[in-house]
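**Q** Sending over a structure as structure tokens; questions will come in a sec.
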Amino acid sequence: MIAKTVSCALSGIDGVIVTIEADCCQGLPSVDIVGLPDTAVKESKERVRSAVNNSGFSFPQRKVVVNLAPAYIRKEGSFFDLPITIAILSSSGQLREDYTEGYIFIGELALDGSLRGVNGVLPMVIEAAKNGYTKAIVPEANAPEAAVVSDVEIYGAKTLSEAVAHLTGEAPIEQTRLNPEDLFNYADNLCGDYEDVKGQDIAKRALTVAAAGGHNVLMIGSPGSGKTMLAKRLPTIMPSLTFEESLEVTKIYSISGKLPEKAALITTRPFRDPHHTVSAVAITGGGANPKPGEICLAHKGVLFLDEFPEFRKDAIDAMRQPLEDGSFTVARANGVVTFPSDVMLVASMNPCKCGYYGDTSRECKCSAGDIQRYMHKISGPMLDRIDIHIQVPSVKYSELSVQKKTASSEDMKKAVDRARAIQAERYKDKHYSTNAGLDSKGLEEYCKLDKKSNELLTNVFENLGLSARAYTRILKVARTIADLDESENIEAKHIAEAIQYRTLDKKFWFN
Ligand SMILES: Nc1ncnc2c1ncn2[C@@H]1O[C@H](COP(=O)(O)OP(=O)(O)O)[C@@H](O)[C@H]1O
Ligand SMILES: [Mg+2]
Ligand SMILES: [Zn+2]
């Protein structure tokens, strides 16, 4: 008899419904799994056989054929163990098939019949809900993330026997319901507060501007000046994630197996800091069975490139398109997979090879040529995507030790939220939502300068020799500064501040 169960596969960051058919027919005892399974799925038969026998059922002494459909989707991983087992039990008359109606099944089995957690349960359950399934049996470890999807009843099982006893009604499992507090458990697990950063008022202001307008930032400073400390705290002042954004981010972490234990939803913006030796594929994601890369893991959050000039050229080049488009598409034999990559880029670097050019505490050992060569290691096209550059000077010991109150993340976030609300309203009919996204038409429309600010900008260009690419960057950043000021017009003082954030254009580095 043929019996069916339903499960889900993954494609990119989304689920795809998979139907599993099992047929126990006359013939020599054997098990065949067909329908583009990978090796983990093929090994499933050994796990399933042991799990069935060790859970008080008997594995059919017949020819067993298991078919995973649709066949064109590559089925990866071990999460089909449970649905395959349930289908075999139904097919061999050990479980009534109608008990499994409306359910989807996900889970890896251990030889003793216990259910192990797997990656990607959230996107699978989201897909199940879209396709009208109302109930899911998942490993207990994955129940919290699955329960985020309110349209599907989630039953977290510890073992195969528990799952079957639930289906027959012998021992129903209690439904996992999400306590709204659990959702926000992970909101306070952020990496510090700007209150911990002493001094650095200018850098903190620049980062407020960056977060407010969605501008990419480059920080230049000596080792130990606090660049990493400043960058890590950026997610604490960016606007809170909406529920939809949280779901999207959580899907990515679910698939990558990076969801913190018992976490249901990731509610804070990600911070990713790949090492400079990272490969192009590790940055963008990809491979035969494409997995999200660092830029996708940073989606809706911060991608921090520490020691920016040291990154591999191919990795930097690979980053350009996903940074520009906010998503990255990988071609596969049977179509394409798209990974979202809407990130704020924060790069940091030393001012020179030895690290101390311009530092007041230590002398720089580099020649002028050394310094320029070091700067030229950073890619021009990447630099073109960075609106704000700032110098981060070392804070003197005397300043570090004083108990002066400095701006906290909460204070800074309030300003950011106000400026974002203004932009959301102004750009409600546009394809962009922040000043960083302004196109040339938008620049013309929203960044008009009055006589005084125009004069100032012209003057600065003539006297400081700013590069042409600096011009639109200054306008965009000035627009954000005006929004922080709740000023409809860009005034001279806003332009003046924006010019401060073009360190690399003003210094001799690039001349
Ligand atoms: N402004 C500051 N306020 C408090 N501590 C600081 C400050 N700047 C640096 N530090 C201390 O110095 C350490 C090194 O800073 P870090 O951010 O790693 O520097 P960088 O990334 O620029 O090399 C930090 O962990 C912190 O303890
Ligand atoms: Mg650092
Ligand atoms: Zn130096």
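**Q** Using a cut-off of 12 Å between beta-carbons, work out the net charge of the residues near ARG420 (Lys and Arg +1, Asp and Glu -1, ARG420 not included).
**A** Spelling it out: positives minus negatives among the neighbours equals +1.
**Q** Simple spin-label model, 7 Å along Cα-to-Cβ: GLU488 to GLU425 in nm?
**A** Inter-label distance under the simple model: 1.1 nm.
**Q** State the percentage of accessible surface on the stretch 438-511 attributable to carbon and sulfur atoms; use a 1.4 Å probe and exclude ligands, DNA and RNA.
**A** That fraction is 47 percent.
**Q** If you don't mind, another one. Roughly how many Å² is the accessible area per residue of the chain, as a whole number, for a 1.4 Å probe?
**A** Normalised by residue count, the accessible surface of the chain is 44 Å².
**Q** Among 383-393, 238-248, how do they line up from the highest to the lowest mean number of other beta-carbon atoms within 10 Å?
**A** Ranked by mean Cβ neighbours within 10 Å, highest first: 383-393, 238-248.
**Q** Let me ask another. Given a Förster distance of 41 angstrom, what is the FRET efficiency for ASP196 paired with ALA165, based on the Cβ-Cβ distance and rounded to 0.05?
**A** Details: r = 52 Å, r/R0 = 1.26.
The calculated FRET efficiency here is 0.20.
**Q** For the stretch 2-178, which whole percent of the accessible surface, found with a 1.4 angstrom probe, sits on carbon and sulfur atoms?
**A** Numbers: 3300 of 7020 Å².
Heavy-atom surface of the stretch 2-178 belonging to carbon and sulfur, 1.4 Å probe: 47 percent.
**Q** Show me the ranking of peptides 446-455, 340-349 by mean Cβ neighbours inside 10 Å, starting with the highest.
**A** Top of the packing list down: 340-349, 446-455.
**Q** Give, as a single signed number, the net charge of other residues whose beta carbon lies under 11 Å from the beta carbon of THR100, with Lys and Arg counted +1 and Asp and Glu -1.
**A** Counting the neighbours of THR100, the net charge comes to 0.
**Q** Treating cross-link reach as a plain straight distance, find the aspartates and glutamates whose alpha-carbon is under 15 Å from the alpha-carbon of LYS377, omitting any fewer than eight places away in the same chain.
**A** Within the straight-line limit of under 15 Å, LYS377 reaches these aspartates and glutamates: ASP306, GLU307, GLU310, ASP314, ASP317.
**Q** Can you count the Lys pairs in the stretch 33-146 whose Cα atoms are under 28 Å apart, with each pair 8 or more apart or on different chains?
**A** Count of close lysine pairs: 9.
**Q** In addition: Cα axis of helix 468-484 to longest principal axis of the chain: angle in degrees, 0 to 90, nearest 10?
**A** The two axes meet at around 80 degrees.
**Q** Quick one: length gained pulling LYS441 to TYR471 fully straight, 0.36 nm per residue minus the C-alpha distance? Display every interim value, and only then the final one.
**A** On the way: separation 30, 0.36 × 30 = 10.80 nm, distance 1.49 nm.
Roughly 9.3 nm would be gained on extension.
**Q** Counting Lys and Arg as +1 and Asp and Glu as -1, each charge on the Cβ, what is the dipole of the stretch 2-178 about the Cα centre in debye, to the nearest 20?
**A** Details: 15 positive and 22 negative charges, 72 e Å.
The dipole magnitude comes to about 340 debye.
**Q** Which of the lysines could a cross-linker span from LYS405 if the Cα-Cα distance has to be under 22 Å and same-chain partners fewer than 8 positions apart are dropped?
**A** LYS405 reaches LYS198, LYS204, LYS227, LYS232, LYS396, LYS413, LYS414.
**Q** In whole Hz, with x marking every Gly and Pro, tabulate ³J(HN,Hα) for the stretch 363-377 from phi via Karplus 6.51 cos²θ - 1.76 cosθ + 1.60, θ = phi - 60°.
**A** 8, 7, 9, 8, 7, 4, x, 4, 5, 5, 4, 4, 5, 6, 5
**Q** Which order do peptides 83-95, 26-38 fall in by mean Cβ count within 10 Å, highest first? Before the final figure, lay out the partial values.
**A** Working: 83-95: 24.6, 26-38: 14.0.
By packing density, highest mean first, the sequence is 83-95, 26-38.
**Q** Relative contact order of the chain, please, whole-number percent, based on alpha carbon pairs below 8 angstrom and at least 6 residues apart.
**A** RCO, the chain: 13 percent.
**Q** Within the set of other residues whose C-beta is less than 13 Å from the C-beta of GLY12, count the net charge using Lys and Arg as +1 and Asp and Glu as -1.
**A** Net local charge, GLY12 excluded: 0.
The values are calculated or read from the model by the stated rules, or taken from the named source; none is laboratory data. Bear in mind the structure is a predicted one, so any value in this text is a computation, not a measurement. Virtual Cβ from ideal backbone geometry, glycine too; neighbours counted across all protein chains shown. All accessible areas refer to the heavy atoms of the entire protein, side chains included, with ligands and DNA or RNA removed. Shrake-Rupley method; radii C 1.70, N 1.55, O 1.52, S 1.80 Å.
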